[in-house]
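Engineer: First the structure, which I've put down as structure tokens, then a few questions once you've had a look.
The values are calculated or read from the model by the stated rules, or taken from the named source; none is laboratory data. This structure is a prediction, so every number in the text was calculated from the model and none was measured. For neighbour counting, all protein chains shown are included, and Cβ atoms are generated from backbone atoms with ideal geometry for every residue, glycine included. When the accessible area is computed, the model is the full protein with side chains, heavy atoms only, and any ligands, DNA or RNA have been set aside. Shrake-Rupley method; radii C 1.70, N 1.55, O 1.52, S 1.80 Å.
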Amino acid sequence: MKRIVIGCLLLLTLFAARADHITGGEMSYTYMGESGGKHTYAITARLFMDCYSNRRLPDPAYFGIFDKTNGSRITDLSIKMVRQDRLLLSNPGPCITNPPSVCYDIGLYEFVVSLPASAEGYVIAIQVVYRVQGISNLTPGYGNIGATYTGEIPGTSKVGSGPINNSARFTGDDMVVICANNAFSYNFAAADADNDQLRYSFADAFIGGSGGGGTNFPPAAPPYQSVPYGSNYGSNAPLGGHVKINANTGMITGVAPGDGVYVVTVQVEEIRNGVVIATQRKDLQIRITACTIASASMPPDYMLCKNSQTIALSNMSTSPLITSTNWEVYDNKGNSIFSSNSAATSFTFPDTGTYSVKLIINRNQQCSDSSITTAYVYPGFVPDFNVDGICFKKPTRFFDKTVTRYGQVNSWAWDFGDGTGNDKSFITSPTYTYQYMGNKEVRLVATNTKGCRDTAIRNISIVDKPPLSLAFRDTLICIPDALKLQATGNGVFSWTPGTAMINGSTATPIVNPVTTTTYTVHLDDNGCLNQDSVKVRVVDHVTLQAMNDTTICQGDTIRLRVQSDGLRYLWAPVNQVLNHTAANPLAVTWFATSYQVTAGIGSCTATDRVIVTPVPYPVAIAGVDTTICFATPALLHGSTEAITYAWIPNSTLSNVNSLNPVATPKATTAYVLAAYDNKGCPKPGYDTVIVNVLPDILAYAGRDTAVVTGQLLQLQASGGVKYRWIPEASLSNYAIANPTATYSNPSAGISYKVMVYNEANCVDSAYIKVKVFKTLPSVFVPNAFTPNRDGRNDLLRPIAAGIAHIDYFQIYNRWGQLVFSTTINEYGWDGTVGGKLQPSGTYVWIVKAVDYLGAPYIQRGTLVLLR
């Protein structure tokens, strides 16, 4: 199989307050020999930095050495940087689309230490204060956290030769481009000069220290706490469920998650004589980008182990460079059972079994690639587990409940989510003692002998005491009744005092005290303790006193009230009480009613009554709704038998305490008459009258105009529903909105008044003046004007007579520049252009129009502007 492995890491760990450019770290050492009872080691540390960050690597940097037995500090060392190397990816290859820029500076720190042999060995550490915000596989909103990079020197307790050790040294290439949702591989292999066996696995990334401010600082002592992984991620799945690491080679393979920054830590265990003697770690923050690689990209395997035998096949690479796709499926004997050249397809396996799926892209072309993966088709495999015990510092037991229809469950990988680095197990049903309280995401990755693998996830809350709840904390019983106490929780129950109690070692004992008693419940969940108490008050009768008899307004609801120690109630008549079993229900009363209430405590009861008498509301009559003209008054006509009354609102009424006030509203208004009497109903009776105010009449007769003798003039009024023109002379119809008029004699001006009426016969008027000329249709233009703003002859206006409309009226200065233009009759020029006064002199005008007969009209002339 041919695989394109081009990769990119953008390592974004923060160093102190300004170290947002430090992106990862690792340590190794070489054994130099023994002298004077001390072993000497040449230690090398590497810190990674994005070389585009415009920052510096720390120089010097603080390292700490700690005894692994008890975490005691041996020494702190301030080490100068030996040199700074640069890695640059200059040619990402032709089969990658939108490749990112990849460049890293690596700081190298070297120092020598001599240490006596220790039973458990030593931990070497360097810390930084912050990681970048928004790391994709950490809990959202957690904020900035630091990083701790460590190495281990073995002790003598496991293997006597442990201190004589050369550490495993990571040798993989870090110049890797990882494209989101594409297959990739990343080599975390290491070399060991002692030929110790090496075993690789994902591990917790450690948070950093809390000191230092803007400078370097000595690291805190171990143990170190894990970073808070987010949902769907964890120390054993830092890139999600589709990425895994080969325990024998350190090769990470799979399909990358979405673009973002992911913290990934790989640990390599050095195994000598079958015993793990030391663990070395490499911590990186990997940038996954939105690039694409032309590759045959599939999941590491297809797990059809739940309830389906149908596989959906599609290339996880979305590269535009992919031009052809071929799918082939083979059974376990190598026989082809399915093929397709579709980019996406599906296939239903005929039977259970293990199958091979092959994907080929760009066959015999550039960027050709192929890959083969395995499909496990064994439905009925369901990982699951139960949890017993939720107290920190106390054992929590995990019980495997995984079921499989085919084969047997053969491995269990537990991650208890405590973030200690030691919160893992590989046995069937382990026990773990949590070191920290809070919500924990527990993961079980189970496999079976058929190759199926799946993950069960459960969130649990680790607390300092087991949850305990009571159905009630204070109650009442009546002699001789018994009572069942009710507690809820997991564990062993006990109650005190035990007198007058049955089943005192259960969650629901029966008690029968004769005096008021407080019972305490104790819950023991595997040594994790909690307690609570309930008070049982004891009486020998029910106390009950109903409210006094009362009067209400007819039809109102009333709150019936009692003073009682009863625990249950029953009111009658039932059909008038909204909740007849409440202590203080609402009731609707239309006629005098005697309400009976019975209160009970167990077998004890008591009864009382309350009489409710309804009184009708005072009657108010506000009158009939009316409509008035705009800005006219209205006389209201109210009536009532009440002793007092008032109108609201009062701002537009002549007298609010009169039954017949004058209203002068400016807009439609609802007037409310409130009436009060002394017959027993303390509330007023209301009635409303609406005074509709018609809008103001906007009477319009048209613009003043000019016509010639014999011309038919069309008048047009508006603003109402009925009209009357005065005088009636020369009009076709004086009682319509649009009469016509024809004149045979000239006139300096005929003034018409039009009366405009609305639907309520409200009236207003408007005027129009008509000039009549005994000429042909013309546009009259004065030959001079004096725009000095004295109110006389300030505008030069065209006056049209016998003209249907003006196309344009334009004025030019002596240089031929247009200074004024209009199409509106009698709209004049004020002698300015853009607000600037024009000089005195002669100007030329031209008018183009159409007369009332439809004939064109053009005229030119001159005018004089005088200042």
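Engineer: Considering only the range 392-425, how many residues are touching a Ser or Thr at 6+ places or on another chain (Cβ under 7 Å) and of a type outside the set (S, T, N, Q)?
Structural biologist: 15
Engineer: Another question about this same structure. Go through (1) modelled with pLDDT of 95 or more; (2) closer than 30 Å to Tyr29 by Cα one by one and return the number of the condition Ile337 breaks.
Structural biologist: (2)
Engineer: For the range 426-442, name all the residues that are over 37 Å from the mean Cα position of the chain (by Cα) and open to solvent by less than 40 Å² (accessible area, probe 1.4 Å). Let's see the steps before the verdict.
Structural biologist: As a first pass, look at the range 426-442 and keep what is over 37 Å from the mean Cα position of the chain (by Cα): 426-431.
Once the filter is applied, which keeps residues that are over 37 Å from the mean Cα position of the chain (by Cα) and open to solvent by less than 40 Å² (accessible area, probe 1.4 Å), the range 426-442 yields only Pro430.
Engineer: For the range 712-736, give me the residue count where each residue is more than 30 Å from Leu776 (Cβ to Cβ), open to solvent by 60 Å² or more (accessible area, probe 1.4 Å) and hydroxyl-bearing (Ser, Thr, Tyr).
Structural biologist: Of the residues in the range 712-736, 0 are more than 30 Å from Leu776 (Cβ to Cβ), open to solvent by 60 Å² or more (accessible area, probe 1.4 Å) and hydroxyl-bearing (Ser, Thr, Tyr).
Engineer: Which condition breaks for Ala507 when tested against (1) under 44 Å from the mean Cα position of the chain (by Cα); (2) in a strand (DSSP E or B)?
Structural biologist: Going through the list (1) under 44 Å from the mean Cα position of the chain (by Cα); (2) in a strand (DSSP E or B), Ala507 breaks only (2).
Engineer: Residue by residue through the range 246-276, note down the ones that are over 35 Å from the mean Cα position of the chain (by Cα), within 20 Å of Phe188 (Cα to Cα) and open to solvent by 10 Å² or more (accessible area, probe 1.4 Å). Spell out how you get there, then give the answer.
Structural biologist: First, the residues of the range 246-276 that are over 35 Å from the mean Cα position of the chain (by Cα): 246-251, 267-276.
From the residues that got through so far, the ones that are within 20 Å of Phe188 (Cα to Cα) too are 246-251, 267-271, 276.
Answer for the range 246-276, where residues must be over 35 Å from the mean Cα position of the chain (by Cα), within 20 Å of Phe188 (Cα to Cα) and open to solvent by 10 Å² or more (accessible area, probe 1.4 Å): Asn246, Ala247, Asn248, Thr249, Met251, Gln267, Glu269, Ile271, Val276.
Engineer: Can you tell me which residue among Asp400, Asp388 is touching a Lys or Arg at 6+ places or on another chain (Cβ under 6 Å) and among the acidic types (Asp, Glu)? Show your work before the answer.
Structural biologist: Details: Asp400 fails: touching a Lys or Arg at 6+ places or on another chain (Cβ under 6 Å).
Only one candidate passes the filter, namely Asp388.
Engineer: Spot the failing condition for Ser778; the list is (1) of a type in the set (Ser, Thr, Tyr); (2) modelled with pLDDT of 95 or more; (3) open to solvent by less than 70 Å² (accessible area, probe 1.4 Å), and only one is missed.
Structural biologist: Unmet condition: (2).
Engineer: Of these, Ala766, Ala784, which one is within 20 Å of Tyr843 (Cβ to Cβ), small (Gly, Ala, Ser) and open to solvent by less than 40 Å² (accessible area, probe 1.4 Å)? Walk me through it before giving the result.
Structural biologist: Details: Ala766 fails: within 20 Å of Tyr843 (Cβ to Cβ).
On inspection, the qualifying residue turns out to be Ala784.
Engineer: Something else now. Consider Arg55 carefully, then state whether it is under 43 Å from the mean Cα position of the chain (by Cα), surrounded by fewer than 18 Cβ atoms within 10 Å (Cβ to Cβ) and not in a strand (DSSP E or B).
Structural biologist: Numbers: under 43 Å from the mean Cα position of the chain (by Cα): yes; surrounded by fewer than 18 Cβ atoms within 10 Å (Cβ to Cβ): yes; not in a strand (DSSP E or B): yes.
So Arg55 passes the test.
Engineer: Just to be sure before I move on: is Ser114 at pLDDT 95 or above and either open to solvent by 30 Å² or more (accessible area, probe 1.4 Å) or of a type outside the set (Asp, Glu) (or both) in the structure I sent?
Structural biologist: Numbers: at pLDDT 95 or above: yes; either open to solvent by 30 Å² or more (accessible area, probe 1.4 Å) or of a type outside the set (Asp, Glu) (or both): yes.
Yes: the conditions hold for Ser114.
Engineer: I need the full set of residues from the range 505-561 which are surrounded by fewer than 15 Cβ atoms within 10 Å (Cβ to Cβ), within 25 Å of Val610 (Cα to Cα) and of a type in the set (Lys, Arg), in order please.
Structural biologist: Arg559
Engineer: Restricting to the range 279-300, name every residue that is assigned to a strand (DSSP E or B) and under 35 Å from the mean Cα position of the chain (by Cα).
Structural biologist: The initial filter retains those residues of the range 279-300 that are assigned to a strand (DSSP E or B), namely 279-289, 292-293.
Residues satisfying the conditions are Asp283, Leu284, Gln285, Ile286, Arg287, Ile288, Thr289, Thr292, Ile293.
Engineer: Taking Thr598, is it outside any loop (DSSP other than H, G, I, E, B), farther than 30 Å from Gly720 by Cβ, open to solvent by 70 Å² or more (accessible area, probe 1.4 Å) and in contact with a Ser or Thr (Cβ under 7 Å, 6 or more places away or on another chain)? Lay out the reasoning, then the answer.
Structural biologist: Details: outside any loop (DSSP other than H, G, I, E, B): yes; farther than 30 Å from Gly720 by Cβ: yes; open to solvent by 70 Å² or more (accessible area, probe 1.4 Å): no; in contact with a Ser or Thr (Cβ under 7 Å, 6 or more places away or on another chain): yes.
Considered against the rule, which asks whether it is outside any loop (DSSP other than H, G, I, E, B), farther than 30 Å from Gly720 by Cβ, open to solvent by 70 Å² or more (accessible area, probe 1.4 Å) and in contact with a Ser or Thr (Cβ under 7 Å, 6 or more places away or on another chain), Thr598 comes out as no.
Engineer: If you scan the range 343-379, which residues turn out to be hydroxyl-bearing (Ser, Thr, Tyr) and either open to solvent by 50 Å² or more (accessible area, probe 1.4 Å) or in a strand (DSSP E or B) (or both)? Can you show your working first?
Structural biologist: Our first condition is that a residue be hydroxyl-bearing (Ser, Thr, Tyr); within the range 343-379, this holds for 345-346, 348, 352, 354-356, 368, 370-371, 373-374, 376, 378.
Matches in the range 343-379: Thr345, Ser346, Thr348, Thr354, Tyr355, Ser356, Ser370, Ser371, Thr373, Thr374, Tyr376.
Engineer: Within the range 797-814, is even one residue of a type in the set (A, V, I, L, M, F, W, C) and open to solvent by 70 Å² or more (accessible area, probe 1.4 Å)? Explain how you work it out, then say what you get.
Structural biologist: Kept after step one, since they are of a type in the set (A, V, I, L, M, F, W, C), are these residues of the range 797-814: 799-801, 803-804, 806, 809, 811.
Those still in the list that are open to solvent by 70 Å² or more (accessible area, probe 1.4 Å) too: none.
So far as the range 797-814 goes, no, none of its residues is of a type in the set (A, V, I, L, M, F, W, C) and open to solvent by 70 Å² or more (accessible area, probe 1.4 Å).
Engineer: Any idea which residue in the range 690-748 is farthest from Thr627 (Cα to Cα), counting only those that are within 60 Å of the chain's Cα centre (by Cα) and of a type in the set (S, T, N, Q)?
Structural biologist: Among those residues, the one meeting the criterion is Ser718.
Engineer: Here is a further query. Can you tell me which of Lys753, Lys771 is part of a strand (DSSP E or B) and open to solvent by 70 Å² or more (accessible area, probe 1.4 Å)? Working first, answer last.
Structural biologist: Values: Lys753 fails: open to solvent by 70 Å² or more (accessible area, probe 1.4 Å).
Exactly one residue qualifies, and that residue is Lys771.
Engineer: Let me ask you something else. Does the range 477-485 include one or more residues that are over 30 Å from Thr605 (Cα atoms) and open to solvent by 60 Å² or more (accessible area, probe 1.4 Å)? Break it down into steps so the answer makes sense when it comes.
Structural biologist: The first filter runs over the range 477-485 and keeps only residues over 30 Å from Thr605 (Cα atoms), leaving none.
No, there is no match, as no residue in the range 477-485 is over 30 Å from Thr605 (Cα atoms) and open to solvent by 60 Å² or more (accessible area, probe 1.4 Å).
Engineer: Looking at (1) within 27 Å of Thr75 (Cβ to Cβ); (2) modelled with pLDDT under 90; (3) surrounded by fewer than 19 Cβ atoms within 10 Å (Cβ to Cβ), can you tell me which one Gly212 breaks?
Structural biologist: Result: Gly212 fails condition (3) only.
Engineer: Same structure again: Give the residue, chosen from Val445, Val382, Val409, that is buried (at least 18 other Cβ atoms within 10 Å of the Cβ) and closer than 17 Å to Leu304 by Cα.
Structural biologist: Matching residue, one of Val445, Val382, Val409: Val445.
Engineer: A follow-up question, please. Please note which strands (runs of 3 or more DSSP E) are completely contained in the range 383-484 and include at least 3 residues that are over 30 Å from Pro513 (Cα atoms). First the steps, then the outcome.
Structural biologist: Numbers: elements: 385-388, 395-400, 409-415, 431-433, 438-448, 453-462, 474-478.
The strands (runs of 3 or more DSSP E) meeting that bar are 385-388, 395-400, 409-415, 431-433, 438-448, 453-462.
Engineer: Right, another one. State yes or no: is Asn307 of a type outside the set (Ser, Thr, Tyr), surrounded by fewer than 18 Cβ atoms within 10 Å (Cβ to Cβ) and not in a strand (DSSP E or B)? Break it down stepwise before answering.
Structural biologist: Details: of a type outside the set (Ser, Thr, Tyr): yes; surrounded by fewer than 18 Cβ atoms within 10 Å (Cβ to Cβ): yes; not in a strand (DSSP E or B): yes.
Yes.
Engineer: Of all residues in the range 828-843, count the ones that are open to solvent by less than 70 Å² (accessible area, probe 1.4 Å), over 30 Å from Leu713 (Cα atoms) and in a strand (DSSP E or B).
Structural biologist: 4
Engineer: Sort through Arg287, Arg281 and tell me the only one that's touching a strand residue (DSSP E or B) at 6+ places or on another chain (Cβ under 9 Å) and closer than 30 Å to Ile153 by Cα.
Structural biologist: Details: Arg287 fails: closer than 30 Å to Ile153 by Cα.
So the residue among Arg287, Arg281 that is touching a strand residue (DSSP E or B) at 6+ places or on another chain (Cβ under 9 Å) and closer than 30 Å to Ile153 by Cα is Arg281.
Engineer: Output the residues belonging to the range 101-111 that are outside any strand (DSSP E or B) and open to solvent by less than 10 Å² (accessible area, probe 1.4 Å).
Structural biologist: Step one: list which residues in the range 101-111 are outside any strand (DSSP E or B), which gives 101-102.
Passing the criteria: only Val102.
Engineer: Residues being of a type outside the set (A, V, I, L, M), assigned to a strand (DSSP E or B) and either more than 28 Å from Gly710 (Cα to Cα) or touching a residue at least 60 places away in the same chain (Cβ under 8 Å) (or both): count how many of those fall in the range 774-820. Please lay out each step first, then the result.
Structural biologist: Residues of the range 774-820 that are of a type outside the set (A, V, I, L, M), as a first pass: 774-775, 777-778, 780, 782-783, 785-794, 797-798, 802, 805, 807-810, 812-817, 820.
Next, from what is left, pick out any that are assigned to a strand (DSSP E or B): 778, 780, 785, 805, 807-810, 812, 820.
Subset that is either more than 28 Å from Gly710 (Cα to Cα) or touching a residue at least 60 places away in the same chain (Cβ under 8 Å) (or both): 778, 785, 810, 812, 820.
Qualifying residue count for the region: 5.
Engineer: Please list, ordered by first then second residue, the pairs with beta carbon atoms under 8 Å, 6 or more apart or interchain, first in the range 507-531 and acidic (Asp, Glu), second assigned to a loop (DSSP other than H, G, I, E, B).
Structural biologist: What qualifies is Asp524/Gly491; Asp525/Gly389; Asp525/Ile390; Asp525/Lys394; Asp525/Pro466; Asp525/Gly489; Asp525/Asn490; Asp525/Gly491.
Engineer: Could you check the range 667-691 and list, in sequence order, the residues that are surrounded by fewer than 17 Cβ atoms within 10 Å (Cβ to Cβ) and either under 18 Å from Ser651 (Cβ atoms) or touching a helix residue (DSSP H, G or I) at 6+ places or on another chain (Cβ under 6 Å) (or both)?
Structural biologist: Ala667, Thr668, Ala670, Val672, Thr688, Ile690, listed by residue number.
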